[in-house]
Every structure is written in structure tokens, then in C-alpha cells.
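The values are calculated or read from the model by the stated rules, or taken from the named source; none is laboratory data. The shown structure was predicted, so the numbers you read here are calculated from the model rather than taken from an experiment. Cβ atoms come from the backbone with ideal geometry, glycine included; neighbour counts cover every protein chain shown. All accessible areas refer to the heavy atoms of the entire protein, side chains included, with ligands and DNA or RNA removed. Shrake-Rupley method; radii C 1.70, N 1.55, O 1.52, S 1.80 Å.
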Amino acid sequence: MPAAEPAGGTQQGSGSPDVAALIPLVRRIVTARVPDQATADDLVQETLARVLAASGRLESGTLEPYAIVTARNVVTSLWRDQDRQRRHQHRVVDLRPPEAPDEDVLVQEDRAAIAQALSRLSDREREILLAHEVAGRDTRSLAAELGSTAGAVAAQLNRSRARLRVEYLLAAERIEPPTEQCRPVLLAISGGDRRRQRDVDAARHLLECEACGRLSEPLMGRGRTRDDEVRVPVRKDADVVAARHVARELATRLDFSPTDLTLIATAVSELARNIVRFADVGEIVVELLEAPRRGIKVVARDAGPGIDDLDRALLDGYSTYRGLGLGLPGARRLMDEFGIASESGRGTTVTMIKWRDEP
Ligand SMILES: [Zn+2]
């Protein structure tokens, strides 16, 4: 008998894609490659979590191809992890420190990749980026010097950072893009620029180009340490407070109004409390969105029992609390966008956004 299909999700807000609708597709891709049912379930979940995390930065037509390449990547990294585990198994009983020279080489390679990436920027791009990132010049003083506006300088900085990320990855992975279209596609993804993604048909390219399929995911920001994203593990009451503080702290950086700060903190608090009460283990990830529109994104994940009837859980007064089920209608009202994916017996993921800027 096939495994129970997960409950469908609902999304609202400006053109939010329905991530839950991707589940059958993702499941097909994963089960075709991974025979073990339990492992396959895990990988489907992991893929969806990543797609959900990226969905705010992708135009809706790109979501499905991104889900496909992410599913493939997740399966591949499972194989790589298993292989690495096998090779490093002796380390478990071998207490000598890992070979230091290895790490030296990595640091040197990283520096070389950054230098190469910087050299790919135009002189002007590089100067402004370094003045801002290294010398700490603010956008207003740079604008005054360049006879421009602070907004235009900020936009330019975003484009330069997006390009630097692309060039850094290409250099670090030692990849020469196989087609003329690769750089424009990677750049549109890196910058989270949905209109450009449509213009360069990023959706089709991700599927056809193996290199870009592989690079798209790190460009989404996974695996990098960033100061505009904070992850709070949630297990006990004190973590609820920590999650609320983190959200408020990050939101303050975007100059949200005091009212908005309270709404955001309350929504985060609500979801974190649900995790503690009904799911035991979970996490809250708070992330600042910069381009093309500023806002704060909150993702709450739990490994709880899941919600069978999402539509019902989103109705006011729904009281059969299961995991993140409590207070969902409340949290949804406090934020601008709200999406949820849940699978019975496996957990629930809620994604919420509060926008700082008008569309
Ligand atoms: Zn490509």
C-alpha cells in the first residue's frame, strides 16, 4: 500500500506558490532513486523544506524546476554523505586530530576563489562594494560622492553582491559555465530577481543545464553563514523567548514600526509556543529579505504529529490542537503572507512574511 499522501497546503498573499502541490512530483523523483521508503520520506521532507525556504525568492514558474533539481541534489548529497561516512568510519575510533594541512589548503582555495570572483566585477562595481563592505562607507555618503541616490547605490550593491556570489561559486567549484545563458540565469537566481528569472527563462534552463541545477541551491543561501538569518532550536519555554527576541532584533534593522515589531514578535511567539507544547522539537528560522523587496521571513518547523486538515486548522476556533495547529489563524492575521505544509505523523512547516516595503 502506498504511503499516505500528505495533507495539501494553502497559501495566500501576492502570488505565493503552492509548495504543497509539488509534493507528488518530488515524491516521484525521490522514490525513483531511493528504494527505502523511510529514507525517501525524509528526503521528500528535506526537499520541500528547502523549496519552501527558497519560494520567496523565486517567481512561481521557476518553483517547479527548482523543486526538481533540489530533489535530485538532496538524493545526490545523501549518497555523498553515506560514502563520506564509510570513508571516515575509522575516525570514530581514531581520536587523533584531523589532518591540519587539509584545512590550510581549503582556506587558500577559498581566498583564491574570492580574489577571482572580485576580478570578474567591473572596476566601478568592485570599488563601491569594497568601500561599503570593507571600508564601512554607508550608502548615503557613497551616493553623495557618486552624485547618485542612496536607493540607487543600495540597488547597485545588491546587484554586485549577487554577481559576486555567482562568480565565487563558479571559481570555487572550478566550473566554466557551459552556455551563454548560464551567467544571466545564475545572476537572476542569486539576486532573487523574479522578473529577470522570467525574462531569461530560468525555469527551463535549470532543468536543462546540469551545472546550473547544481549551483542554484547554494545561491539560494543555504549552507552559508549569514548575519541576516538566525536559527533558533525550540524545545523549551526559554526558547520561545529567544525566538521572539531574535525576530524583534532582526526586524528592528529594517526600521519596522513599533506596531509591526509587536505583530512580528507575537506571531513568532505563537508558533514557538506551539512547538514546545505539541511537537517537543522544532526550530524557528528568521531571515531578512532584501531584494527585490524588504521584509522579514519566519519559518517554523516541527517534527510533531502534523495537521490532517489544514483548511480546518486555519479556521478561527479550530481547537483540536496538533503541533503548529494552535493559533495558526491568529499568526496568519498578524503577518502579510502565510504558507503551510504538513504531513500526518511527520511534522509541519509554517512560512510567514511581513513586508517592510510596499510592492
Ligand atoms: Zn547553465
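Key figures
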{"read-out": "Listed peptides 124-132, 30-38, 199-207 by packing density, highest first (mean Cβ within 10 Å)", "value": "199-207, 124-132, 30-38"}
{"read-out": "Accessible surface, per residue, of segment 229-355 when the full set of protein chains is kept, probe 1.4 Å, Å²", "value": "41 Å²"}
{"read-out": "Base-10 log of normalised Debye intensity for segment 109-220 (one unit scatterer per alpha-carbon) at q = 0.10, 0.15 Å⁻¹", "value": "-0.32, -0.68"}
{"read-out": "Carbon plus sulfur fraction of accessible area for segment 109-220, probe 1.4 Å, in percent", "value": "48 percent"}
{"read-out": "Contour minus Cα-Cα distance for Val281 and Arg124 (0.36 nm per residue)", "value": "51.7 nm"}
{"read-out": "Most to least accessible of Thr252, Thr39 (protein chains only, probe 1.4 Å)", "value": "Thr252, Thr39"}
{"read-out": "Nearest-0.05 FRET efficiency for Ala150 and His245, computed from C-beta distance (R0 35 Å)", "value": "0.75"}
